[in-house]
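This report concerns only the one structure given below.
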Amino acid sequence: ERDSLTWAVAAVLPGLLEDPRFLPLSRWLEGPDPGGRRPVQLAGQIAHVFDQYVVYRPAMVLAWEAGQDTGVDPEDAWQPALWRELVAALGPGHFAARARDFLQVARGGLPDARLPPRLSLFGITTLPPLYLQVLAAVDRQVPVTLYHHSPSDRWFADDRPMREIRRLERSLDDDAEALHLEQGHPLLASMGRVARDLQWLLADLDPVVEVEELDEFVDPGADTLLHRLQQDVRFRRPRVLGTPGQHEAPAVALLPGDRSVQVHACHGPMREVEVLRDQLLDLLREDEQLRPRDIVVMMPSVDAYSPFVEAVFGGDATTDGHIPYRIADRPPRAENQVVEAFLSLLQAARGRLGAPEVLDLFAHDVVRDRAGLGADDVPVLRQWAADAGIRWAVDAGHRRAENQPDDPGNTWRFGLDRLVLGYAMGDEAAGLWQGTLPMQGMEGGAAARMGRFVGVCESLFALRTQVSRPRTPAGWQPVLASALARFVHQDDANAWQHQAVREALLSLATRSEQAGFTDAVQLEVMLEELELAFAEPGAAHGFLSGGLTFCALLPMRSIPFRVVCLLGMNDDAFPRQVRAPGFDRTGAAPARGDRSPRDDDRYLFLEAILS
């Protein structure tokens, strides 16, 4: 698995860097690396690429495994060598090898007792060629049915965007006509590559497999601009101004009041959400049958737009114009107070302990509850820190470790001593006592608040000392679990959130041990791995739960809704620009069925239009 593979690469790679073939990786790892994150980051990138190879280039990795490196670029010679080391360390049980063995057995017939009576797949946007080969092998013995939403019931796998057609014509000159290149409908050509590849792959299956197609297309009609657009995509029918050609249709006039397709340009995300709300209110007033639950709003980044959605739609439910809503697909960190507080704690403990970041910890309810403080205590704590002159660093030794003058002034120890001395000596004390000026006003009820505050700070200083020493991921697990229990409140309501953090820590420890990774890493590495784990979207909480649905732009999400809206479709955010590592060989020789986040996003946009 990819997460375990990261630690396996990190375990194997250091012993190979002296090999001349690994010189490109050695160069990349050179230079200062204060947090020690670079080796694990590199291992993560390699693991991601190898994980793609196993699914999309199975023949290549199997050839590497057999010692066949012919055709490998000298700059990439380290990849086959590293792959063989990983197979030697982890065994040959990767997916490409299992699929090869399965297909070999399937040629002689699979045991019927091991197969279900039938196999049905729903809502599949695309499948890797290797998956289709496995399904085709199963289909020889039991029926396999693929229920697929296709944008057209015509053959469109050969369609190409006009820009690509022109480029091919320039490169092939006289031979271009022999390719019979067609554009079809421009939206289908430019945004339908994912569906085109699947159509090709299904048609190109093993000829022994009999593929029976049954389409259930419904003509949307031509009463609105949206329906006409959907109909044209289905029939691959482009519309042109002027005289239409053989496969083209004439342009049509927009009907008065037709708002079935709208595009709004706004100057910022807040204005986007405000315009969205106004348009939805108009639609709900015009159509009495339309309900908020019939509307979906999809976004490339739910996390980026959630604050603006809550600001615009989160008003009083009793006021006119209020639209009930739910936000789905938030990452666990956005919805889990314990995760957010825990990661903030680790970020503070590994840093310079600046006064703002330490005091920001008390903005988390679960941290205040654990310390026995209330929300009204936070402004007082901030004022105390400012009046006591606290800026950063635990003490003079901490400043010295940060290559700063060995001066205790304006450190936490300097300020906390002033607070405690002010309580001990009272307001009657005048002047300095052993070089420290006591804080005034620390009597009475302030004492208990001050004691709790100082207790949390002392625990944070101890945690900073504890996490400054590198450990193995398994060694970090009890240390970080103890910090969670010490600083973050747990009750019946948030026990599951604590459990999620403990499971993430245990998973990191277990995966690294299983992969044979025994090196000590710094806290920065663990923090980065935890942030990645909690950035992954979880279950679709809030989806189809009543009210207007805000969710991520994912396959099939737009299907059950009458009104489909898109937010955040800015050119720098959509389609996503994901740069593949320079050593990724799939980009050097693209093949049908390869995954591309950019093509996936473009097809999601087309799917939203057709829904």
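Every number here is computed from the coordinates shown, using simple stated rules; none is lab data. None of these values were measured; they are calculated from a predicted model. Using ideal geometry, Cβ is built from the backbone for each residue, glycine included, and neighbour counts are taken over all protein chains shown.
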Note to self: Given Cβ point charges of +1 (Lys, Arg) and -1 (Asp, Glu) and nothing else, what value in debye, to the nearest 20, does the dipole of the stretch 510-611 about its Cα centre take?
What the structure shows: 620
Item checked: Using alpha-carbon coordinates, inclination of helix 269-286 to the longest axis of the chain, degrees -> 60
Next item on the list: Over 21 Å, how big is the tail of the calculated P(r) for the stretch 539-611, in percent of all Cα pairs?
Entry: 41
Checklist line | Descending Cα extents along the principal axes, the stretch 293-364, whole Å | finding: 49, 26, 17
Margin query: Modelling each spin label as a point 7 Å along the Cα-to-Cβ direction, I'd like the Met270/Asp282 distance in nm, to one decimal.
Written below: 2.3
Note to self: So for each of 322-330, 487-495 I average, over its residues, the number of other beta carbons within 10 Å; can you give me the resulting order with the highest mean first?
What the structure shows: 322-330, 487-495
Notebook entry, point to check: For the stretch 83-156 and the stretch 342-382, what is the separation of their C-alpha centers, rounded to whole Å?
Noted result: 51
Check: How far is helix 225-234 tilted off the main Cα axis of the chain, in degrees rounded to 10, range 0 to 90?
Finding: 60
Notebook entry, point to check: Each label point is 7 Å from the Cα along the Cα-to-Cβ direction; what then is the distance between the points at Val380 and Val218, in nm?
Noted result: 6.4
Checklist line | Ellipsoid equivalent to the stretch 11-85 - semi-axes via the Cα gyration tensor, in Å | finding: 23, 14, 10
Notebook entry, point to check: Just one of (i) -0.21, -0.72; (ii) -0.25, -0.76; (iii) -0.33, -0.99 is log10 I(q)/I(0) by the Debye sum over Cα atoms at q = 0.05, 0.09 Å⁻¹ calculated from these coordinates, so which is it?
Noted result: (iii)
Next item on the list: Enter the angle in degrees (range 0 to 90, nearest 10) between the Cα long axis of helix 473-487 and the first principal axis of the Cα atoms of the chain, meaning the one along which they spread out most.
Entry: 60
Next item on the list: Taking the dipole about the Cα centre of the chain, with the C-beta of Lys and Arg at +1 and of Asp and Glu at -1, give me whichever of Ser482, His364, Ser120 is farthest to the positive side.
Entry: Ser482
Next item on the list: Could you work out how far apart the two model spin labels at Glu531 and Glu30 are, taking each label as a point 7 Å from the Cα in the direction of the beta carbon, and quote it in nm?
Entry: 2.8
Check: If the label point is 7 Å along Cα→Cβ of Ala580, which residues in the stretch 76-97 have backbone nitrogen under 20 Å from it?
Finding: 76-83, 95-96
Next item on the list: Just report the Cα centroid separation between the stretch 1-59 and the stretch 220-245, whole Å.
Entry: 50
Notebook entry, point to check: Got a sec? Which residues in the stretch 360-397 would a label at Ser459 touch, if it sits 7 Å along Cα→Cβ and we count backbone N under 11 Å?
Noted result: 367-373
